[in-house]
């Protein structure tokens, strides 16, 4: 079974980067001997309020590292930006999912997650 860690720490090009959450492949040592590397990561998730530009910028790093799926929970935009099909410098596909929609999770074929379940109750700003 895949494991979820929070915060998610992994090594990309000798730099440690933090993401709010991630799903990685199972490993016999349960990552006790070393942090997950890019090939271990199935999905990274960032939560962005004031950090949206910074989190969008991380797509270049994560895509170049071939992280298969990267989500940004865009609180200000009230949506989830899903980055797929990694390429050098980013992702080939970026889709914004709004409230009322569901996101198919690539790592779990046939499973979907409701945007409302992630964003929670709509806040009155």
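The values are calculated or read from the model by the stated rules, or taken from the named source; none is laboratory data. Computed from a prediction, not measured in an experiment: that's the story for all the values here. A quick note on method: Cβ atoms are made from the backbone with ideal geometry, for glycine too, and the neighbour counts reach across all protein chains shown.
In this structure, does residue 92 turn out to be outside any helix (DSSP H, G or I) and under 20 Å from residue 25 (Cα atoms)? So residue 92 fails the test. Residue-level check: of (1) assigned to a strand (DSSP E or B); (2) without any contact (Cβ under 8 Å) to a residue 12 or more places away in the chain, residue 110 misses just (1).
Listed here are the residues, each with its yes/no results for (1) over 12 Å from the mean Cα position of the chain (by Cα); (2) modelled with pLDDT under 95; (3) surrounded by 11 or more Cβ atoms within 10 Å (Cβ to Cβ); (4) over 17 Å from residue 22 (Cα atoms).
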| position | (1), (2), (3), (4) |
| --- | --- |
| 84 | no, no, yes, no |
| 108 | yes, yes, yes, no |
| 118 | yes, yes, yes, no |
| 123 | yes, yes, no, yes |
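Of all the criteria given as (1) within 14 Å of residue 19 (Cβ to Cβ); (2) buried (at least 19 other Cβ atoms within 10 Å of the Cβ); (3) in contact with a helix residue (DSSP H, G or I) (Cβ under 9 Å, 6 or more places away or on another chain), the one not satisfied by residue 36 is (3).
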